[in-house]
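Student: Before I ask anything, let me first share the structure, which is written out below as structure tokens.
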Amino acid sequence: MIGLLALHLIAAAGAPALTRLLDRRAFVALALVPAASFLWLLPRALDVTDGGAPLVQRWSWIPSLGVDVDLVLDPLTAIMSLVVTGVGALVLLYCGWYFRHGDPEIWRFSGVLTAFAGAMLGLVLSDNMYVLFVFWELTTVLSYLLIGHNPERRANRRAAMNALLVTTFGGLSMLVGLFVLHAQTGTARLSEVVADPPSGPAVTAAVALLLVGALSKSALVPFHFWLPGAMAAPTPVSAYLHAAAMVKAGVFLVLLLAPAFADTPGWRPALLTLGIVTMIIGGLRALRQHDIKLLLAYGTVSQLGFLVAVAGAGTRAAAFAGLSLVLGHALFKSTLFLVVGVVDRSTGTRDLRELTGLARSLPVLFVATVLAAASMAGLPPLLGFTTKEAALAAFVDLGDDAGIGGWGTLALAGLVVGSVLTVAYTARFVWGTFGTKQVAAPTLNPPGVMFQVSPVVLSVLGLAAGFAGGALTPRIASYGDVFAEGAHAPVLTLWHGFTPALWLSVVVVVGGLALWLLRRPVARLQATLVERLHLPDAERSYHAIVRGVDRASIEVTGFTQRGSLPFYLGIVLVVLVVVPGTAAVRAWGAPDVSVGDGSTFGPDDALRVATVALVCAAALLTVRSRRRLRAVLLLGVTGYGTALLFVLHGAPDLALTQVLVETFALVTFVLVLRRFTPFFSDRPFTVTRRVRIAIGATTGLAVGAYAVVAANARTASPIGRAFEGPAYEFGGGENIVNITLVDIRVWDTFGELAVLVVAATGIASLIFLITDRAQSHRETRRARPGPGDERQGWLPGSGSLEDVRRSVVFEVVARAVFPVLMIFSVYLMFTGHYTPGGGFAGGLVAGLALAVRYLAGGRRELDAAAPVDAGVVLGSGLAVAALSGIVPVLVGANTFQSGVFDIPVPLLGDVHVVTSVAFDVGVYLVVVGLALDVLRSLGGGIDRHGEEGHTDSGLSEECTSAPSRGGAPA
Amino acid sequence: MTVDLALVIAIVVLVGCGTTLMLERSLSRILVGFVMVGNGVNLLFLVASGPSGAPPIVGRGGITDPLPQAMALTAIVITLGVSAFGLALAYRSWQLSGNDDVKDDVEDDLIRRRAEADETSSSFDEPETDVPDEEGADA
């Protein structure tokens, strides 16, 4: 059975390609998939409905959550799956002639419809509640796509959206119900839940939630309005989804749960009332339609109400009748929809006031329609008659069987009224479509034989099944056996004597025909009633709700999203102060603080106090500074001061990184700020400034208080101290911080590398816009001075600088320092395992070396120093880091596991090699890539904007168009 | 665990000054504030990790806690990457509008105006009397 689902999936995936190859005839090939499924299921279905054991298949998916693909073929699912695959095959076949030649949209349609057939089959076969839910929602989404097949019209989009919102709402409610049921029973398998049903208030609520899902899917009042709107879908979709298959999912769920939960409080009143009300409302509205497709749509709403009322009645006879009605309805309603499609395609209209004389011009179709319509109206000798008889008989005994007394009779009366309306609108449909009227006949484009095959086959099946009541009875009854025996044994037969059900059938047919004959006065009466009585309209209420949600969201968004960044940040900070601040105040007590952390105030402590004083002064001056450059330099003071505090604390790695980062950041800030005006833009000194300072000051005090409270509250000894042993044993190094980065918490570091790559790419794309950043160094390579070039200086690229900007001393120093710095950077990277250093520090030193070259010689010099694209460096760094994680897996170890080897080398002795050094190489490369991108973008890129005469303000030309690639270098 | 008051004062001043700067509208000021808050928070890690001691190298007695140091180290480098990105944004803003001020969001302002005028969102589909039809536009 899983194979069948997979087959549908593969066919759906291949459908677009197939339509390109075969155009609309691809549907014929696609029809083979459900047809093959039907043929595979048929013998097995015959077996399980004949007393055979249910066919069970299980594929473990997420066992820890109880989510497994459990498929089961029992009598109910067997019959449902035959309907789904059988009608599906015929509808797909029909599509091969329904669509116009070369329809540009069918590539999508074919895939979606085939996928739907698979999802629907999965839905009826699933035994696991969550898998059933997944398929349930899949059908909802696919139905949305199919209704929105033609998205050009607003009304169609809205119809698709309505259907989606309503059924998804029901689906969510159902999911909650499933959760509760799962929690109450401890099993996610529906067959187990049904076999041993729980009870209690929670279960009652769960069942009610499940029924909301079922009713919304099956378009019962008050959810019924989405189904007529769904008629915007192509007719095959209406025939399959909105008549035979998807809307039956709700009925199926009711049939599935009825054996276990029919006696749950509220079940019968809800389903009988809503079902019968839907049946009557649908019938009344069907009588008022002129579009024959809409007439059928309201007829379907009415029939679904009927099905749910019967399926939910919860007696053996009613369950039997319910399942047989599902079968009968699938056959006749899809026939009728397919007929509408043929008529629509042949005449170009679906308005019954314009259609005339088709009985003579389309005789075969006419016969098929009469058969199906007679089945819908419940006339002998069709399946519709035998099943309706069974339903009426079941409801005659409902009061006694279900123990609800007189209510059963009332329900029976409701069914009869609904059935009278059914006969009336059936007559209206047949007369409307095929009758002869006093209007000009529409031009007829005769349909081909193959176009009519599917409706004819379906209608003939309805006729044959009418006679096959004897064979069908035990098979359908095998589903209802779980119910207690009722007053009569249900049976499908054309003749069972002069029973009350037969007399009721006579009443129904006579009444219905009378209603149709008196259609003019009836229509007038209906129109007056609708005008006079302002009945609550479900669709209008739905729109009011949707509008209300939209308005509420606008109000909430408008109130909270003021658009001002300082405002948002202020809110965040105030929350940061108020919420944890309350806890901090309560826990304050007597803070345990000291100046200096030893017992005596040593030289370290004196230095620390002095540094803190310097940092604080610099920070306060930064806030007051109006010059950009001064602010940045003062920021640097706080940074270097922080580094000194790191050293005093005993964190040399941090201090090293901090110093390097601070230096590099200083260069970066200056590179950008040189293009700005020297002063920050003026802001009037207003109240907001005081508010800002107040918020900032309280935030600082609050964070300080948190530091004191959190540190004072600490009782356990830190886990980091325990890293010492493993760092040496498994990480093979002595610098614990570095081992933590490249081994113990390597995933964190790997994530950080990804962030750096993203940031670097972002910087480059903001400066170079849509040109590629590799362009710069390629140009330099082309423009490299030849051997005869006289302007060879100390640095090969500096010749491009204007003479006034060159400094010989700086060039000499840069030339001398660069190789030393590069070697030092590699040294730092490799020795990071033992002494402070590592990939970050090494990469930063290399980045500073490049910065020196750039500052001394300009951007050409930078390109000469690093003749590679920064993207390549970043990418290879990330790749090396990833490989150092993957390779251990390939040799059978864990991801990122370090290997420690001592390799004997002659003369040198044993060389200690730790494989995690490869990860450090990756880190090094990523940091160098970042530095290169920063220098090339914020340095060289901005230089070039200046050289090319772009104004610093205003929209320059380059922002809107890419500079020509082949242009001569400036 | 006793806390070193000097470090706490440094945290208070750095975070306080940093957030004050971050509440400004000039992007370069915001970035200066951002880096400053970063320094303050890294010191916070240091305070939380316990008293000072020997560098966390195997074999030294009385070492400091290495785990917060590793975390702070990545934070330092990330701060560099993010502030460089912020500078690129500031430059771009300068290129386009001649200043580096962060302005109010236009879309948010539109929504605010809609809320004041009691209107629905622009994507809301007002129901019409139109009947959906499978043939669509050409029918």
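The rows are residues; the columns are (1) of a type outside the set (D, E, K, R); (2) open to solvent by less than 10 Å² (accessible area, probe 1.4 Å); (3) out of contact with any Lys or Arg (no Cβ under 9 Å at 6 or more places or on another chain); (4) not in a helix (DSSP H, G or I).
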site	(1), (2), (3), (4)
A:Met80	yes, yes, no, no
A:Gly86	yes, no, yes, no
A:Asp103	no, no, no, yes
A:Ala119	yes, yes, yes, no
A:Arg158	no, no, yes, no
A:Leu165	yes, no, yes, no
A:Gly170	yes, yes, no, no
A:Phe179	yes, no, yes, no
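Student: Given the stretch A:397-510, what helices (runs of 4 or more DSSP H) lie entirely inside it while holding 2 or more residues that are in the same structural domain as A:Tyr298 (by TED's automatic domain parsing) and modelled with pLDDT of 90 or more?
Tutor: Qualifying helices (runs of 4 or more DSSP H): A:406-434, A:449-467, A:469-480.
Student: Exactly one of these conditions fails for A:Ala759: (1) in a helix (DSSP H, G or I); (2) free of Cβ contacts under 8 Å to residues at least 60 places away in the same chain. Give me its number.
Tutor: In the conditions (1) in a helix (DSSP H, G or I); (2) free of Cβ contacts under 8 Å to residues at least 60 places away in the same chain, A:Ala759 misses (2) alone.
Student: Of these, B:Ile78, B:Ile111, which one is within 19 Å of A:Ser765 (Cα to Cα), in a helix (DSSP H, G or I) and open to solvent by 40 Å² or more (accessible area, probe 1.4 Å)?
Tutor: Values: B:Ile111 fails: within 19 Å of A:Ser765 (Cα to Cα).
Answer to the selection: B:Ile78.
Student: Being in a loop (DSSP other than H, G, I, E, B) and out of contact with any strand residue (DSSP E or B) (no Cβ under 9 Å at 6 or more places or on another chain), is that true of even one residue in the stretch A:291-300?
Tutor: Scanning the stretch A:291-300, I find no residue that is in a loop (DSSP other than H, G, I, E, B) and out of contact with any strand residue (DSSP E or B) (no Cβ under 9 Å at 6 or more places or on another chain), so the answer is no.
Student: For the condition out of contact with any helix residue (DSSP H, G or I) (no Cβ under 9 Å at 6 or more places or on another chain) and in contact (Cβ under 8 Å) with a residue 12 or more places away in the chain, what is the one hit in A:Gly348, A:Gly328? So that I can check it myself, show each step before the final result.
Tutor: Working: A:Gly328 fails: out of contact with any helix residue (DSSP H, G or I) (no Cβ under 9 Å at 6 or more places or on another chain).
None of the others qualify; the one that does is A:Gly348.
Student: Just to check your reading of the model, which residue among A:Arg44, A:Arg20 is closer than 21 Å to A:Gly122 by Cα and open to solvent by 80 Å² or more (accessible area, probe 1.4 Å)? Explain how you work it out, then say what you get.
Tutor: Values: A:Arg20 fails: closer than 21 Å to A:Gly122 by Cα.
The unique qualifying residue is A:Arg44.
Student: Then there's this: Within the stretch A:717-737, track down each residue that is open to solvent by 50 Å² or more (accessible area, probe 1.4 Å), facing chain B (nearest Cβ under 7 Å) and without any contact (Cβ under 8 Å) to a residue 24 or more places away in the chain.
Tutor: Passing the criteria: A:Ile719, A:Arg721, A:Glu724, A:Tyr728.
Student: Hey, A:Met161 hits all of (1) more than 14 Å from every other protein chain (Cβ to nearest Cβ); (2) free of Cβ contacts under 8 Å to residues at least 24 places away in the same chain but one; which does it fall short on?
Tutor: (1)
Student: Moving on to the next point. Exactly one of (1) free of Cβ contacts under 8 Å to residues at least 60 places away in the same chain; (2) open to solvent by 20 Å² or more (accessible area, probe 1.4 Å) is unmet by A:Tyr130. Its number?
Tutor: Unmet condition: (1).
Student: To continue, here is another question. I'm trying to understand the selection: among the residues of the stretch A:603-622, which are in contact (Cβ under 8 Å) with a residue 40 or more places away in the chain and either within 7 Å of another protein chain (Cβ to nearest Cβ) or under 21 Å from A:Phe680 (Cα atoms) (or both)?
Tutor: Across the stretch A:603-622, the qualifying residue is only A:Arg608.
Student: If you don't mind, another one. Is it the case that A:Ser505 is polar (S, T, N, Q), within 19 Å of A:Leu412 (Cβ to Cβ) and in contact (Cβ under 8 Å) with a residue 24 or more places away in the chain?
Tutor: Working: polar (S, T, N, Q): yes; within 19 Å of A:Leu412 (Cβ to Cβ): yes; in contact (Cβ under 8 Å) with a residue 24 or more places away in the chain: yes.
Taking the combined requirement at face value, the residue satisfies it.
Student: Within the stretch B:28-52, how many residues are farther than 16 Å from A:Ala643 by Cα and either more than 7 Å from chain A (Cβ to nearest Cβ) or touching a strand residue (DSSP E or B) at 6+ places or on another chain (Cβ under 6 Å) (or both)?
Tutor: So the answer is 4.
Student: All but one of (1) modelled with pLDDT under 90; (2) small (Gly, Ala, Ser); (3) in a helix (DSSP H, G or I) hold for B:Ser121, so report the exception by its number.
Tutor: Single failed check for B:Ser121: (3).
Student: Return the total of residues in the stretch A:471-503 being surrounded by 14 or more Cβ atoms within 10 Å (Cβ to Cβ) and of a type in the set (Phe, Trp, Tyr).
Tutor: Qualifying residue count, the stretch A:471-503: 2.
Student: Follow-up question, since we're still on this one. I need the full set of residues from the stretch B:87-98 which are open to solvent by 10 Å² or more (accessible area, probe 1.4 Å) and touching a residue at least 12 places away in the same chain (Cβ under 8 Å), in order please.
Tutor: B:Leu89, B:Ser93
Student: Can you name every one of the helices (runs of 4 or more DSSP H) wholly within the stretch A:193-264 that holds 1 or more residues which are touching a helix residue (DSSP H, G or I) at 6+ places or on another chain (Cβ under 8 Å), closer than 30 Å to A:Arg100 by Cβ and assigned by TED's automatic domain parsing to the domain that holds A:Phe116?
Tutor: In the stretch A:193-264, the matching helices (runs of 4 or more DSSP H) lie at A:226-229, A:235-239, A:248-261.
Student: Going by the structure shown, is A:Arg714 part of a helix (DSSP H, G or I) and free of Cβ contacts under 8 Å to residues at least 24 places away in the same chain?
Tutor: no
Student: Given the residues A:Val852, A:Val913, A:Val812, A:Val868, which is the only one that is open to solvent by 20 Å² or more (accessible area, probe 1.4 Å), more than 20 Å from A:Phe750 (Cα to Cα), under 41 Å from the mean Cα position of the chain (by Cα) and in contact (Cβ under 8 Å) with a residue 12 or more places away in the chain? Explain how you work it out, then say what you get.
Tutor: Values: A:Val852 fails: under 41 Å from the mean Cα position of the chain (by Cα); A:Val913 fails: under 41 Å from the mean Cα position of the chain (by Cα); A:Val812 fails: under 41 Å from the mean Cα position of the chain (by Cα).
Answer to the selection: A:Val868.
Student: Do we find a residue being assigned to a loop (DSSP other than H, G, I, E, B), within 30 Å of A:Val928 (Cα to Cα), open to solvent by 50 Å² or more (accessible area, probe 1.4 Å) and not acidic (Asp, Glu) anywhere in the stretch A:683-705?
Tutor: The answer is no; no qualifying residue exists.
Student: Same structure, new question: So how many residues does the stretch A:134-153 have that are open to solvent by 10 Å² or more (accessible area, probe 1.4 Å) and over 15 Å from the mean Cα position of the chain (by Cα)?
Tutor: Here the count works out to 6.
Student: Return a yes/no flag: does the stretch B:89-97 have any residue that is at pLDDT 90 or above and more than 7 Å from chain A (Cβ to nearest Cβ).
Tutor: No - not one qualifying residue is present in the stretch B:89-97.
Student: Return the residues of the stretch A:535-560 that are closer than 15 Å to A:Leu165 by Cβ, open to solvent by less than 70 Å² (accessible area, probe 1.4 Å) and under 27 Å from the mean Cα position of the chain (by Cα); say none if nothing qualifies.
Tutor: Once the filter is applied, which keeps residues that are closer than 15 Å to A:Leu165 by Cβ, open to solvent by less than 70 Å² (accessible area, probe 1.4 Å) and under 27 Å from the mean Cα position of the chain (by Cα), the stretch A:535-560 yields A:Tyr542, A:His543, A:Ala544, A:Val546, A:Gly548, A:Asp550, A:Ser553.
Student: Take the residues in the stretch B:14-36 that are part of a helix (DSSP H, G or I) and open to solvent by 30 Å² or more (accessible area, probe 1.4 Å), then tell me which one is nearest to A:Val659 (Cα to Cα).
Tutor: B:Phe34
The values are calculated or read from the model by the stated rules, or taken from the named source; none is laboratory data. Since the model is a prediction, treat every value here as computed from it, not as a measurement. So basically every Cβ, Gly included, is an ideal-geometry build from the backbone, and we count neighbours across all protein chains shown. All accessible areas refer to the heavy atoms of the entire protein, side chains included, with ligands and DNA or RNA removed. Shrake-Rupley method; radii C 1.70, N 1.55, O 1.52, S 1.80 Å.
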